[in-house]
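S.K.: Submitted below is the structure of interest, expressed as structure tokens.
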Amino acid sequence: MPTSQHYFSKPDAVEQVKNRLFKQLAYYCCALHTFLIFFFWYCDVYFLALINIGSVTLWMLGIYYLHQQKSHISLRLFCVEVTLHSILVCATLGMTYGFQYYLWTIASLILLDYRLKLKLASALALGLVIAFAALFELFDNVQNTFIFSELAPYIHFINVLICGLPSIYTIGHIREITFSHRYQLATLAAKDPLTNLFNRRYAKELINNAQEDCLATSRQMCVIMADIDHFKSVNDKFGHDAGDEVLVEVALRLSRFALNSDIAVRWGGEEFLLVLINCDLEQAQTRAESIRRDIATQGFYGDTLNVTMSFGIAQWHPALPFSVAVQLADDALYASKAKGRNCTTTTTAGHTSQLS
């Protein structure tokens, strides 16, 4: 259910699309009922002409509420109008002309009222379906002198199209925006919003999956911890906008060196984690050094500052928890910092080595 989190909050993407589609549907139905006023008046069915004047009034009121961003009120007005209109037309002309099918359309649209609990919305939709069935029992043998009675099969066909197409159009568009919104939410849950690398929470799930795969296939896995050197001074001297730009650019360069199977993570602040799949310690050293040299030779923030990074590398052994490999890589990173930064330190159990 959409909720307003702040006074200035706007409806979410799905609600905005739903509101726009309901406006289109409302104008479509207003035009249709306006035509029916003149049509029934011409056919001397004055009662139904007056009913359609009321229908136009309700649809116009619904449009007003749509412009007020109150689509739930509009939808309920539309449901009332369609239900009453279908029943009254069927009571007057019988079932031959197909006006009862509008109940099916509104039964599906009532489920889009997110302000209603699902059980209540489902019960209302079921009630409309039951009303549809009841109309055949109540008005199947209505006698009338409608002047276009010989055209009943064609009017029936037109009504089926008129009530079916808006429903398909509306629900189809809402389906597409819902899928798109769902993808955006999944991306937000998995990615760091600034750098577009995986966030720490989601990365842990990927790493667990990678561990299982490496165990099953006997493939090696290496962990690289990387940290931007003197990042606080970048923020202090150039401002946080410059710091954000550096983070984004560094993340982009890390992504360029990552393979499809690798896992690149913003681990926290200016610290990054790379998990290299099917990679031994020597290969990891080579790749880390390529990243370090690439970053050290590039200008950042409009070439006004230079940035370097320190790296720590460890290899994961199946006999050890993955957290141990991360800790070893973190220890190696701090060793790089202690040795003057802008260098790479690798570690195995009881042994470290440095590249610069």
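The values are calculated or read from the model by the stated rules, or taken from the named source; none is laboratory data. Everything numeric here is computed off the predicted structure, so don't read it as measured data. Here the Cβ positions follow ideal geometry from the backbone for every residue, glycine too, while neighbour counts run over all protein chains shown. Side chains are part of the model used for accessible areas, which takes the heavy atoms of the whole protein and leaves out ligands, DNA and RNA. Shrake-Rupley method; radii C 1.70, N 1.55, O 1.52, S 1.80 Å.
S.K.: Check whether at least one residue in the stretch 228-248 is open to solvent by 70 Å² or more (accessible area, probe 1.4 Å), in a helix (DSSP H, G or I) and of a type in the set (A, V, I, L, M, F, W, C), and report yes or no. Spell out how you get there, then give the answer.
M.R.: Quick first cut of the stretch 228-248, residues open to solvent by 70 Å² or more (accessible area, probe 1.4 Å) only: 230, 232, 236-237, 240-241, 245.
This time we only want the ones that are in a helix (DSSP H, G or I), so: 232, 236-237, 240-241, 245.
The next check asks that each one be of a type in the set (A, V, I, L, M, F, W, C); those that pass are none.
There is no residue in the stretch 228-248 that is open to solvent by 70 Å² or more (accessible area, probe 1.4 Å), in a helix (DSSP H, G or I) and of a type in the set (A, V, I, L, M, F, W, C).
S.K.: Of the conditions (1) outside any strand (DSSP E or B); (2) under 25 Å from Asn196 (Cβ atoms); (3) over 35 Å from the mean Cα position of the chain (by Cα), Pro318 satisfies every one except a single condition; which number is it?
M.R.: (2)
S.K.: When only residues in the stretch 251-261 that are out of contact with any Ser or Thr (no Cβ under 8 Å at 6 or more places or on another chain) and open to solvent by less than 40 Å² (accessible area, probe 1.4 Å) count, which is farthest from Phe231 (Cα to Cα)?
M.R.: Once the filter is applied, the top-ranked residue is Ala258.
S.K.: Please determine, by comparing only the residues of the stretch 105-117 that are open to solvent by 10 Å² or more (accessible area, probe 1.4 Å) and touching a residue at least 60 places away in the same chain (Cβ under 8 Å), which one is nearest to Cys29 (Cα to Cα).
M.R.: The extreme case among them is Thr105.
S.K.: Can I ask one more? Give all pairs with beta carbons closer than 8 Å in which a residue from the stretch 123-141 that is within 16 Å of Met95 (Cβ to Cβ) and in a loop (DSSP other than H, G, I, E, B) meets a residue that is among the aliphatic types (A, V, I, L, M) and open to solvent by less than 70 Å² (accessible area, probe 1.4 Å); count only pairs at least 6 apart in sequence or on separate chains.
M.R.: Cβ pairs passing all conditions: Asp140/Met95.
S.K.: Hey, among Ser290, Ser310, Ser336, which residue is of a type in the set (S, T, N, Q) and surrounded by fewer than 16 Cβ atoms within 10 Å (Cβ to Cβ)?
M.R.: Values: Ser310 fails: surrounded by fewer than 16 Cβ atoms within 10 Å (Cβ to Cβ); Ser336 fails: surrounded by fewer than 16 Cβ atoms within 10 Å (Cβ to Cβ).
One residue alone meets the criteria, Ser290.
S.K.: Another question, then. Determine whether Glu212 is part of a helix (DSSP H, G or I), of a type outside the set (Phe, Trp, Tyr) and open to solvent by 100 Å² or more (accessible area, probe 1.4 Å).
M.R.: On the way: part of a helix (DSSP H, G or I): yes; of a type outside the set (Phe, Trp, Tyr): yes; open to solvent by 100 Å² or more (accessible area, probe 1.4 Å): yes.
In short, yes.
S.K.: Moving on. Can you name the number of the only condition in (1) open to solvent by less than 50 Å² (accessible area, probe 1.4 Å); (2) under 13 Å from Phe311 (Cβ atoms); (3) without any contact (Cβ under 8 Å) to a residue 60 or more places away in the chain that Gln285 fails?
M.R.: Of everything listed in (1) open to solvent by less than 50 Å² (accessible area, probe 1.4 Å); (2) under 13 Å from Phe311 (Cβ atoms); (3) without any contact (Cβ under 8 Å) to a residue 60 or more places away in the chain, Gln285 misses just condition (3).
S.K.: Exactly one condition in (1) within 18 Å of His230 (Cα to Cα); (2) among the small types (Gly, Ala, Ser); (3) touching a Cys at 6+ places or on another chain (Cβ under 6 Å) is false for Ala284; which is it?
M.R.: It fails just one condition, (1).
S.K.: Write out, first by first residue and then by second, each pair whose Cβ atoms fall under 6 Å of each other, whose residues are 6+ apart or on separate chains, and whose first residue, in the stretch 36-55, is under 17 Å from Leu84 (Cα atoms) while the second is among the charged types (D, E, K, R) and buried (at least 16 other Cβ atoms within 10 Å of the Cβ).
M.R.: From the stretch 36-55, the pairs are Ser55/Glu81.
S.K.: Just give me the residues in the stretch 137-155 being over 17 Å from Trp41 (Cα atoms) and either exposed (fewer than 11 other Cβ atoms within 10 Å of the Cβ) or not β-branched (Val, Ile, Thr) (or both), in sequence order.
M.R.: Result: Glu137, Leu138, Phe139, Asp140, Asn141, Gln143, Glu150, Leu151, Ala152, Pro153, Tyr154.
S.K.: In the stretch 1-36, what residues are of a type outside the set (Ser, Thr, Tyr), open to solvent by 100 Å² or more (accessible area, probe 1.4 Å) and either in a loop (DSSP other than H, G, I, E, B) or at pLDDT 90 or above (or both)?
M.R.: Matches in the stretch 1-36: Met1, Gln5, His6, Phe8, Lys10, Phe35.
S.K.: Name the pairs whose Cβ atoms lie under 8 Å apart, with the first residue in the stretch 262-280 and open to solvent by 10 Å² or more (accessible area, probe 1.4 Å), the second outside any loop (DSSP other than H, G, I, E, B) and among the basic types (Lys, Arg), and 6 or more positions between them or separate chains?
M.R.: Between residues of the stretch 262-280 that are open to solvent by 10 Å² or more (accessible area, probe 1.4 Å) and residues that are outside any loop (DSSP other than H, G, I, E, B) and among the basic types (Lys, Arg), the close pairs are Arg266/Arg200; Trp267/Arg200; Gly268/Arg200.
S.K.: Then there is this: How many residues are touching a helix residue (DSSP H, G or I) at 6+ places or on another chain (Cβ under 6 Å), open to solvent by less than 10 Å² (accessible area, probe 1.4 Å) and within 18 Å of Leu128 (Cβ to Cβ) if we restrict to the stretch 64-94?
M.R.: Of the residues in the stretch 64-94, 6 are touching a helix residue (DSSP H, G or I) at 6+ places or on another chain (Cβ under 6 Å), open to solvent by less than 10 Å² (accessible area, probe 1.4 Å) and within 18 Å of Leu128 (Cβ to Cβ).
S.K.: Taking into account only those residues within the stretch 180-198 that are open to solvent by less than 30 Å² (accessible area, probe 1.4 Å) and not in a helix (DSSP H, G or I), which is farthest from Ser323 (Cα to Cα)?
M.R.: Start the filter on the stretch 180-198 by keeping residues that are open to solvent by less than 30 Å² (accessible area, probe 1.4 Å), which leaves 190, 192, 195, 197.
Imposing the further condition that a residue be not in a helix (DSSP H, G or I) reduces the set to 192, 195, 197.
On the way: Asp192: 21, Thr195: 24, Leu197: 20 Å.
Checking each candidate, the answer is Thr195.
S.K.: Mind counting the residues in the stretch 37-52 that are among the β-branched types (Val, Ile, Thr) and exposed (fewer than 15 other Cβ atoms within 10 Å of the Cβ)? Walk me through how you get there before you give the answer.
M.R.: Narrowing the stretch 37-52 to residues among the β-branched types (Val, Ile, Thr): 37, 45, 51.
Then drop every residue that is not exposed (fewer than 15 other Cβ atoms within 10 Å of the Cβ), which leaves none.
Residues meeting the conditions: 0.
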